[in-house]
1. For segment 188-259, what does the alpha-carbon gyration tensor say about shape, rounded, prolate or oblate, given a ≥ b ≥ c as the root eigenvalues, a/c under 1.5 as rounded, and a/b over b/c as prolate?
2. Determine the principal axes of the Cα atoms in the chain, then give the extent along each, sorted from largest to smallest and rounded to whole angstroms.
3. Would you mind telling me the share, in percent, of accessible area of the chain contributed by carbon and sulfur at probe 1.4 angstrom?
4. Can you figure out the FRET efficiency of residue 238 with residue 332, using R₀ = 35 Å and their beta-carbon distance, to the nearest 0.05?
5. Figure the gain on full extension for residue 270 and residue 144 (residue separation times 0.36 nm, minus the Cα-Cα span) and round it to one decimal in nm.
6. Run lengths n ≥ 4 of DSSP H only: what is the helix-derived mean residue ellipticity at 222 nm for the chain, with -39500 (n - 2.57) per run over all residues, to the nearest 500?
7. Going by a ≥ b ≥ c, the root eigenvalues of the Cα gyration tensor, does segment 226-352 fall in the rounded group (a/c under 1.5), the prolate group (a/b larger than b/c) or the oblate group?
8. Might you work out the accessible area of residue 92 for me, using a 1.4 Å probe with all protein chains in place, and round it to the nearest 10 Å²?
Amino acid sequence: MKILRLVVLIVLLTPATALAATAPGAPGDKALWTEADKDGFGTAQSPRSKVWHTLDDGELTEVYYPRLDTPAVRDLQFIVSDGRTFAQRERESTNHRIALADRRSLTYRQVNSTPRYRITKTYVTDPARNALVINVRFKSLTGRKLALYSLFDPALSNGGDDDSGSTAGGMLVTQDANAGSALAASPGFRRTSNGYLGTSDGWTDLRSDFRMNWKYASAPNGNVVQTGKTALDGVKRQRMTLVVGFGANGAAARSTARSALASGYARAARGYAAGWHAYLGSLKPRPDSARAFATTYDVSVMALAAHEDKTFPGAYVASPSMPWVWGQGLSNPSDAYHLVWSRDLYQIATALLAAGDRAGAGRAVDYLFTRQQKPDGCFPQNSTVDGAPKWTNMQLDEVAFPIVLAWQLGRRDAATYVHVKNAVGCILANGPQTPQERWENQGGWSPATIAAEIAGLITAADVARANGDTASAAAWEATADDWQAKVDGWTATSNGPYSSKPYYLRLTKDGNPNAGTPYDIGDSGPKQVDQRRVTDPSYLELVRLGVKPFNEPEVLNTLGVVDKRLGVQTPNGMFWHRFDFDGYGEKQDGSPWDINQPVNPTTAPNYDWSQNTTIGRIWPIFAGERGEYELAAGKRAAARGRLASIAGAAGPGHMIPEQVWDNFPPSGSPGFPKGEATLSASPLAWSHAQFVRLAWSIDAGRPIERPAIVACRYAGCG
């Protein structure tokens, strides 16, 4: 009897039999987000489906629900095992390919393969409900049966450290205080387990002896990872539908998943594709200049539309990603790139307007004006999608751009004028110097910001006259004229180290460009740099917004300075750094940027940029801005080359990144080709917007963003 009791005790304590047990090892390892360089991004066009998904390195990465600023899943991938000699996670053990299953829809297919097996996954978001539906085919390439396991890491409500997982009705269910998820399969899972990352999850189990021994029924309050043994063996059973359903709690998520499974993948895929086909069909025909890049163009306009939240129309976020330290806990819950920024929203809206989505651009300006701060008329530096301000600094280009956008949309009604007048009040009360310029880590006299302010004042004056307020119109024009006349004196140095002729600086801290005033670069760049040594391609806003003619001597001279200091020739064409000594990028070894990195003082004239602790790489948006400048200068062929450069920077899923590799690749590591995406945000909505807008500008033979009323006043109407 003693032996029998001992045997029973051992069986009860064996994880393989723990059908009703709670997983050990709570709360598990800390939840972190995946890399930001996404290969694919999608959502249904239908507002009924408030789910967005991202793809990277052969797996499903962050899924957002119920808002585009709220990630709810970290990742979902498969484990393959023969039960005896190996177990492999597909992200790190397979060769990855991704392609569009439909070139006029954000329908992506991933193919992951080894000599032993191939996994093919096609993703759509169910247009009728809050569910992601995945068509899976698993094929053994040796003829031997294999086991396929799903490994699911939910992270509900923008954080994965407080979820509770369980098995219910054959599904893997998770919930927290605000939301629920359910992973379901057809055919159903043969075995399930709920555990904690790094302690009792399925990968920890399978990699030890290549078998699924643990069957934990629940894993409360921690970083839950759920495992399901699928019915597929790669030989006789090769196909499966996998669904991730969402709801207000676990029960609601189960109901959603059940309905999605019953409806089936084929129906969801047809509705998903039809939504995107209809959207593209509602736009203007593709511009001639984009004919050679047709798929990248179509993906770009669809991706821009997909960046809009569905609960708060007009709230387009910057990117569905968390680059570098933003995914490691710098902002917790994660925010930054999936916030709404007035400047990025302006870029998106002007591209949508160019492409023919006037309604989308209109929703953007409505969103901005309805969330304008009172009583000062300013706008938040950024906000969550519901409009709640997040970061608290002021950037005056973000105050001016909503005015310019309203003017471009022909919004001259009395209600709009109230918002325009209030925004002008903010500019006049705080400008022309700005607490922060477009790169958000410095304040002062910025030529780019001043250009936006002037454009805002002149377009506002036109709206004022349409509303009978001629006195305000005249006063605002007088201020704009004054600032336009003084901008060179505030921002162009005549005694800087890079040229004997005047050239524009990134900014001046004191409105005196000939003073050697030092400032800290920020974003982990060096400290105490003479302001005359910091250039920036952003000065071209003066031309692109019509404040200066393209051939003004200071403009032409700065082109050469910026090209020498910041330009990098790559196989995809030339791209530029944001500014001298920029530290906003990966570390020297390629590991993530961190705002808390130590920085180096620099007073030496030949400071070695590559010795920055972190290094800001080169940005595709500058190729677009240079192309728009070249169109103002009558150089259409050159602008076409810039469009090709941006298209060349896109990844295999046609996602255009924030940054691409430069002359400072990660030390000692191959595989970082110049001109291709770094681990920065991808897709970046601004990058896609710049590509779309440049394409339409090339067809028009002029930068279409440039307000004619500003250009005619200062730069000539031609």
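1. oblate
2. Principal extents (largest minus smallest coordinate, Cα): 98, 55, 47 Å.
3. The computed percentage sits at 52.
4. On the way: r = 41 Å, r/R0 = 1.18.
Here the calculated transfer efficiency is 0.25.
5. 42.0 nm
6. Estimated from H runs of four or more residues: -10500 deg cm²/dmol.
7. On the way: a/c = 1.97, a/b = 1.32, b/c = 1.50.
The shape class here is oblate.
8. It works out to around 110 Å².
The values are calculated or read from the model by the stated rules, or taken from the named source; none is laboratory data. Note that this is a predicted model, so its numbers are computed, not measured. Positions of Cβ are generated from backbone atoms using ideal geometry, with glycine treated the same way; all protein chains shown enter the neighbour counts. For accessibility, only protein heavy atoms count, side chains too; no ligands or nucleic acids. Shrake-Rupley method; radii C 1.70, N 1.55, O 1.52, S 1.80 Å.
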